[in-house]
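First the structure, in the form of structure tokens, and then the observations on it.
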Amino acid sequence: MSLSENPWQITSEQKIYDNPWITVTEYGVINPSGGNGIYGKVHFKNLAIGIIPMDDNGDIWLVGQYRFTIDAFSWEIPEGGSYLDQDPLDGARRELKEETGLIAGSWEKILEIHLSNSVSDEFGLIYLATGLVQDTAEPEETEKLHVRKLSIKEAYQMVLNHQITDSLSVAGIQQLWIRRLEKK
């Protein structure tokens, strides 16, 4: 069997839930061992976008907010969704300005990531944004944001101390930290 061959067989499919952001589908399946079962899949209707804004001194910005889904406060890189039919960079620009008021002159995609591939097809991109100019933030009505500027070393320490647990943020900060070490 090749690595790209799908060992799963779908025997039925039922849409369980649908809203403007996600669809939940339950599949009847024959699993790779030949057994019958079910599999639930959450389909995301947007692309996940994370941005690490970095100034000329190597400092970055985090955004903190209370997250309804985990019932806890969360420090994160600026992030949000980009429409699938939109250039992801346009979504990144919008999210950075909306959450921090920052406008970046240079953009570099530093990571592609599947966020929870055992139950969802959510795919994300993480950008490094530099050449920053401060403007006015325009948060959505669902966001009560706290913005914090800190060194990449401090942010990496927050990941190690479990103060940052959001997957886009952890992956992006670790990627930036590794890149920093490789340059030394």
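When every alpha-carbon pair in region 75-159 is counted, what percent end up more than 22 Å apart?
On the way: 1114 of 3570 pairs.
Cα-Cα pairs in region 75-159 separated by more than 22 Å: 31 percent.
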query: What is the extension gain from Leu181 to Thr165, computed as 0.36 nm multiplied by their sequence separation minus the C-alpha to C-alpha distance, in nm to one decimal?
result: 3.6 nm
field: Label of the coordinate-derived value, Rg and Dmax of the Cα atoms in Å, listed as (i) 18.8, 57; (ii) 16.8, 56; (iii) 16.4, 52
entry: (i)
field: Reachable lysines from Lys149, criterion Cα separation under 19 angstrom, eight or more residues apart if same chain
entry: Lys97
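Report the GluC sites (Glu not before Pro) located in region 1-108 that are in a DSSP loop and have at most 11 other Cβ atoms inside 10 Å of their Cβ, or state none.
The qualifying sites are Glu5.
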- request: Could you name the lysines whose alpha carbon sits less than 30 Å from that of Lys15, not counting residues in the same chain fewer than 8 places away?
  value: Lys41, Lys45
field: In degrees, nearest ten, helix 167-183 long axis to first principal axis of the chain (Cα)
entry: 60 degrees
message: Ignoring everything except DSSP H segments at least 4 long, calculate the 222 nm mean residue ellipticity for the chain; use -39,500 (n - 2.57) per segment, divide by total residues, nearest 500.
response: -6500 deg cm²/dmol
- line: Rounded to the nearest Å, the spacing of the alpha-carbon centers of region 38-80 and region 90-123 is 8 Å
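Every read-out reported here was derived from the displayed coordinates using simple, explicitly stated rules and does not represent laboratory data. If you're wondering where the values come from, they're calculated on a predicted model, not measured in any experiment. Please note: Cβ atoms are built from the backbone with ideal geometry, for glycine as well, and neighbour counts cover all protein chains shown.
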